[in-house]
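Here's the structure we're looking at; comments come further down.
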Amino acid sequence: MKKLTIMSFLTFGFVLSSFNTFENKEVSIVGRWKYYQEGKKISKAELLFSYEHEEKCGNDYVEFFEDGKVNDVFYYGEDNCEMSVDSGTWKKEDNNLIIYFPFAGEEKGEILLLDATTLKIKAEVEGKEVIYIYKKI
């Protein structure tokens, strides 16, 4: 019985230490994230659609830099693929992502998920809640 109790505490300690290790790892938002899905929440369900990139062009993406700068990159034009880059600044406060573009002002979104492959953000656009999902590239 004593052996079982000691094993239980050791197992509990291992699980607890593993959990603490997991909790302390923060994934960085720095890098390139391609637009993947967008949609909205209806009741408790999410209605998401695949993001439509220009077929013959590259994928639209947003790139966050360590120095607090951000580029939002879009491709357009079916035949001659032109690229548009909007540059601004970003900061992360708790679970909020705040982006400032000189032409559009400040945009704020709640980070719902940030892991090694996926960035999911909920934001309000023109008075409506929108969900954006990005994939790391």
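The values are calculated or read from the model by the stated rules, or taken from the named source; none is laboratory data. For clarity, every value in this text was computed on a predicted model and none was experimentally measured. Methodologically, a virtual Cβ is constructed for each residue, glycine included, from the backbone with ideal geometry; neighbour enumeration extends over all protein chains shown. Side chains included, ligands, DNA and RNA excluded: accessible areas come from the protein's heavy atoms. Shrake-Rupley method; radii C 1.70, N 1.55, O 1.52, S 1.80 Å.
General observations
- Within segment 61-97, considering residues that are of a type in the set (A, V, I, L, M, F, W, C) and touching a Phe, Trp or Tyr at 6+ places or on another chain (Cβ under 7 Å), the one most open to solvent (accessible area, probe 1.4 Å): M83
- Boolean, A45 is without any contact (Cβ under 8 Å) to a residue 12 or more places away in the chain and either open to solvent by less than 90 Å² (accessible area, probe 1.4 Å) or hydroxyl-bearing (S, T, Y) (or both): yes
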